[in-house]
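The values are calculated or read from the model by the stated rules, or taken from the named source; none is laboratory data. Keep in mind the model is a prediction, meaning the values are calculated, not measured. Please note: Cβ atoms are built from the backbone with ideal geometry, for glycine as well, and neighbour counts cover all protein chains shown.
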Amino acid sequence: MESKQNKLEKAEGQSGTYERSEDVNNPDFKAMLKDLASYGGKPTKNGWFYWRFKNGSTVGRKLLKNESKP
């Protein structure tokens with residue numbers, strides 16, 4: 001699951017800062033949504049925790065603690 005091709009914007013939530021994307025017209029984003037569904041919705045990869053928002057068209061990611069950005 002990669003998000004390099006997806007437009008990510010910084011956001012602030014109850015658990016701190018994270019990045020989010022709603023790039024629904026991007027084929028890579030659509031593939032990421034499928035990956036999220038196949039992993040049960042909340043996988044981790046390369047030090048990032050990913051999730052899909054309840055609206056189904058927004059993906060969030062947050063750097064895991066004790067990890068540094070790649």
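Please work out if residue 67 is of a type outside the set (S, T, N, Q) and at pLDDT 85 or above. It is false that residue 67 is of a type outside the set (S, T, N, Q) and at pLDDT 85 or above. Every listed requirement among (1) in contact with a strand residue (DSSP E or B) (Cβ under 8 Å, 6 or more places away or on another chain); (2) without any contact (Cβ under 8 Å) to a residue 40 or more places away in the chain; (3) closer than 20 Å to residue 66 by Cβ is met by residue 18 save one, (2).
Among the residues of the stretch 4-51 satisfying the criterion of being modelled with pLDDT of 90 or more and in a loop (DSSP other than H, G, I, E, B), which is surrounded by the fewest Cβ atoms within 10 Å (Cβ to Cβ)? It comes out as 14.
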